[in-house]
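What follows is a set of notes on a single structure, which appears directly below.
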Amino acid sequence: MAQVKQVVDWALNAGMYVMINDHWDDGWLENNIGTNVDATINAKMKSYWTQIATNFAGYDNHLLFAGANEPNVNSPAAMTTLMYYYQTFVNAVRATGGNNTNRWLVMQSVSDPTWMNALPTDTVSNRLMVEYHCYSPAQLAILSSDASWGIVQYFWGQAYHYAADPTRNCVAPEEGGMDAGFQQLTDQYVSKGIPVMIGEFGAAYKAALAATNATEFAWNQASQYYWHKYVAESARGHGLSPFFWSTPGTPFDWTSGAVNDTQLITALTGGVAPPPPNGAPYAPSGLTATVSNNSNVVLSWAAGSGATSYNLYRAAESGYEGTNPIVSGITGTSYTNTSLNSGTTYYYQVVASMLPDYPVFHPKLVRRFPV
């Protein structure tokens with residue numbers, strides 16, 4: 001506990017927020033969530049969080065508590081069990097008093113978010129948050145070599161598929177699937193006033209590829225920068241708060257603080273991601289919209305380096321913008337979409353292209369633009 005407190009103090013003194021969870025201890029909770037409540041597990045939940053909350057009762061709301069990490073829930077019945085444990089967690093923290101009476105408490109979601117369709121009862125309003133982790137598709141984000149359940153994938157994003165090695169191209173979820181998944185979290189939680197954090201996301205580079213195929217490694221690096229940018233922007237655009245899972249050396253040295261991957265930091269914080277190494281232009285960025293006269297949407301964006309024109313896509317559902325643009329060959333960096341239906345939510349994406357035609361499929365808009 002003293003070691004945890006030291007780390008928390010260091011982080012808070014640096015002006016950061018901190019979330020404490022019981023991250024991993026052989027899975028006493030995460031790997032033992034059945035269809036019936038286990039009295040021993042429930043007692044541990046109460047005991048652990050009573051101790052933690054008591055030690056940190058004087059800390060302000062820069063410190064958050066999270067009841068689990070990645071709970072292994074495989075059915076709605078198991079979700080009911082987990083919710084029982086979550087209620088014990090909430091009750092234990094609130095009962096310790098001090099600043100714990102209104103501290104933000106975090107509930108980790110599960111593989112199917114629809115199973116967590118309610119949150120525990122609380123003694124204070126608007127102090128519960130949901131956390132979701134994003135390592136999708138797993139063959140790209142997690143695998144470093146082929147496994148029995150799937151082969152490692154190198155190339156994510158439609159414009160980053162590599163024709164010379166199509167077996168390593170990602171299939172799903174790609175841009176549309178990522179948007180649709182985040183939209184589900186928006187609809188289920190954010191739209192009801194419940195904050196959501198993407199508490200972990202990241203895709204490990206396939207470093208071994210560098211020694212065997214430099215060309216494929218270059219495509220892989222560009223694709224994974226794009227994945228990181230896309231996930232971060234899509235999350236923020238859907239009203240979610242994304243947190244990159246930093247590992248030793250990525251993107252900076254944990255001991256010296258030296259930056260080891262400037263391009264990754266740029267991609268994560270709203271900057272550009274490199275295009276595929278085939279001469280394609282950079283993707284446009286910063287898409288914004290203004291509603292005019294209740295039936296028009298004025299769109300504008302920052303130019304993508306190397307682009308000679310832009311194509312515009314639109315849909316009524318996030319992640320389903322389709323393959324046919326509503327208008328193509330836009331030579332400027334703005335466009336007014338007219339004669340829309342009042343009261344309808346629209347989703348847009350802008351795609352850069354050049355001569356010869358190298359489109360960069362880059363859904364820059366993942367926010368709602370209600371007319």
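The values are calculated or read from the model by the stated rules, or taken from the named source; none is laboratory data. Predicted model only: the values in this text are computed from it and were never measured. Here the Cβ is made from the backbone with ideal geometry for all residues, glycine too, and neighbour counts use every protein chain on show. Side chains are part of the model used for accessible areas, which takes the heavy atoms of the whole protein and leaves out ligands, DNA and RNA. Shrake-Rupley method; radii C 1.70, N 1.55, O 1.52, S 1.80 Å.
The single condition among (1) out of contact with any Leu (no Cβ under 7 Å at 6 or more places or on another chain); (2) within 27 Å of Gln6 (Cβ to Cβ) that His62 does not meet is (1).
Being surrounded by fewer than 24 Cβ atoms within 10 Å (Cβ to Cβ) and either touching a His at 6+ places or on another chain (Cβ under 8 Å) or in a helix (DSSP H, G or I) (or both) is the filter here, so list the residues in region 234-244 that pass it. Selection gives Arg236, Gly237, Phe244. Residue count for region 179-204, restricted to those that are open to solvent by 40 Å² or more (accessible area, probe 1.4 Å), part of a helix (DSSP H, G or I) and touching a strand residue (DSSP E or B) at 6+ places or on another chain (Cβ under 8 Å): 1. A single member of Asn36, Asn32 is in contact (Cβ under 8 Å) with a residue 24 or more places away in the chain and not in a helix (DSSP H, G or I), and it is Asn36.
Cβ-Cβ contacts under 7 Å between residues 6 or more apart (or on different chains), taken from a first residue in region 321-340 that is of a type in the set (A, V, I, L, M, F, W, C) to a second residue that is part of a loop (DSSP other than H, G, I, E, B), are listed as Leu340/Ser295; Leu340/Val371. Of the listed requirements (1) in a loop (DSSP other than H, G, I, E, B); (2) out of contact with any Lys or Arg (no Cβ under 7 Å at 6 or more places or on another chain), Ser144 misses just one: (2). In the set (1) part of a loop (DSSP other than H, G, I, E, B); (2) at pLDDT 90 or above; (3) open to solvent by less than 40 Å² (accessible area, probe 1.4 Å); (4) among the hydroxyl-bearing types (Ser, Thr, Tyr), Tyr282 fails one condition alone, (3).
Of all the residues in region 311-339, those that are in a strand (DSSP E or B) and not basic (Lys, Arg) number 12. Based on this model, can you work out whether Ala207 counts as closer than 26 Å to Asp146 by Cβ and open to solvent by 60 Å² or more (accessible area, probe 1.4 Å)? Yes. The residue pairs whose first member lies in region 205-218 and is under 12 Å from Ala164 (Cβ atoms), whose second member is of a type in the set (A, V, I, L, M) and assigned to a loop (DSSP other than H, G, I, E, B), and whose beta carbons are closer than 8 Å, counting only pairs six or more residues apart or on different chains, are Thr215/Ala164; Glu216/Ala164. The residue of region 115-147 that is nearest to Ile198 (Cα to Cα), among those that are among the hydroxyl-bearing types (Ser, Thr, Tyr) and modelled with pLDDT of 95 or more, is Tyr132. The residue that is surrounded by the fewest Cβ atoms within 10 Å (Cβ to Cβ), counting only those in region 80-96 that are under 28 Å from the mean Cα position of the chain (by Cα) and polar (S, T, N, Q), is Thr80. Of the residues making up region 245-277, those that are of a type outside the set (Ser, Thr, Tyr), part of a loop (DSSP other than H, G, I, E, B) and open to solvent by less than 60 Å² (accessible area, probe 1.4 Å) are Gly249, Pro251, Asp253, Gly257, Ala258, Asp261, Gly270, Gly271, Ala273, Pro274, Pro275, Pro276. Within region 128-150, the set of residues being surrounded by fewer than 19 Cβ atoms within 10 Å (Cβ to Cβ), more than 14 Å from Tyr205 (Cβ to Cβ) and hydrophobic (A, V, I, L, M, F, W, C) comprises Ala138, Ala147, Trp149. When region 285-307 is filtered for residues that are surrounded by 19 or more Cβ atoms within 10 Å (Cβ to Cβ) and among the polar types (S, T, N, Q), only Ser285 remains. Within region 43-79, restricting attention to residues that are within 18 Å of Tyr132 (Cα to Cα) and outside any loop (DSSP other than H, G, I, E, B), the residue that is most open to solvent (accessible area, probe 1.4 Å) is Pro76.
In region 101-121, the residues that are under 20 Å from Trp49 (Cβ atoms) reach residues that are of a type in the set (Asp, Glu) and open to solvent by 10 Å² or more (accessible area, probe 1.4 Å) with C-beta atoms within less than 8 angstrom, at least six apart or across chains, in these pairs: Leu105/Asp122; Gln108/Glu70.
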